[in-house]
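Here the structure comes first, spelled out in structure tokens, and everything after it is commentary.
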Amino acid sequence: MSRSVNIAIIIGNLTKDPEMRYTPGGHAVTSFTVATNRNWVSEGQEKEDVEFHNVVAWNKLAELCSQLLSKGRKVYIHGRLQTRNWDDANGVKKYRTEIIAEDMVILDSRKDKDPGAGEGVAAKEIQTDVVSGTDSLKEEEINAEEIPF
């Protein structure tokens, strides 16, 4: 049997606050966008390219992403790529490639984003939050019609 691998790993910043919804079946789903930068030098000029990644988290990981993440936070996302397709109102086929998150690590502290945050917090303030989505639903338990976006 041949093997295949579908792994996506990104480190970047959220471009806006996450949006959480619930499917008709009661499953939490959170979507957000992460921007990653690539820098290089060409002909003596510094160049930069920004890529925007659509990320979707399910169940407990979705709830935690919704609670802990906000615009500008730096995150590590580990998951798999998935492309959905549908026909729009005009009958044109549309495609959307997303990273289905399995793990998420917050790489900055809240204090980095809010100068007033962390005041009066004990010395063991959490600098990095680690969240794993491995206890989420199995893929076959999620019906594509339940995806609210």
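Key figures for this structure:
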read-out: Looking only at segment 70-102, and only at residues there that are under 15 Å from the mean Cα position of the chain (by Cα) and small (Gly, Ala, Ser), the one that is surrounded by the most Cβ atoms within 10 Å (Cβ to Cβ); value: Ala101
read-out: Residue in segment 23-40 that is at negative phi, assigned to a strand (DSSP E or B), of a type in the set (Lys, Arg) and in contact (Cβ under 8 Å) with a residue 24 or more places away in the chain present; value: no
read-out: Residue check, Asn13 within 18 Å of Asp108 (Cβ to Cβ), surrounded by fewer than 13 Cβ atoms within 10 Å (Cβ to Cβ) and of a type in the set (S, T, N, Q); value: no
read-out: Search result, residues across segment 1-22 that are out of contact with any Gly (no Cβ under 6 Å at 6 or more places or on another chain), part of a strand (DSSP E or B) and within 14 Å of Ile100 (Cβ to Cβ); value: Ile9, Ile10
read-out: Any hit, segment 45-67, residues being among the small types (Gly, Ala, Ser) and more than 19 Å from Leu107 (Cα to Cα); value: no
read-out: Candidate set: segment 21-49, residues that are among the aliphatic types (A, V, I, L, M) and within 19 Å of His78 (Cα to Cα); chosen: the one surrounded by the fewest Cβ atoms within 10 Å (Cβ to Cβ); value: Ala35
read-out: Residues of segment 60-98 classified as free of Cβ contacts under 8 Å to residues at least 40 places away in the same chain, in a loop (DSSP other than H, G, I, E, B) and either in contact with an Asp or Glu (Cβ under 8 Å, 6 or more places away or on another chain) or at positive phi (or both), total; value: 1
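Laboratory data are not the source of any read-out in this text; all were calculated from the coordinates shown. Since we're looking at a predicted model, the values are computed, not measured. Using ideal geometry, Cβ is built from the backbone for each residue, glycine included, and neighbour counts are taken over all protein chains shown.
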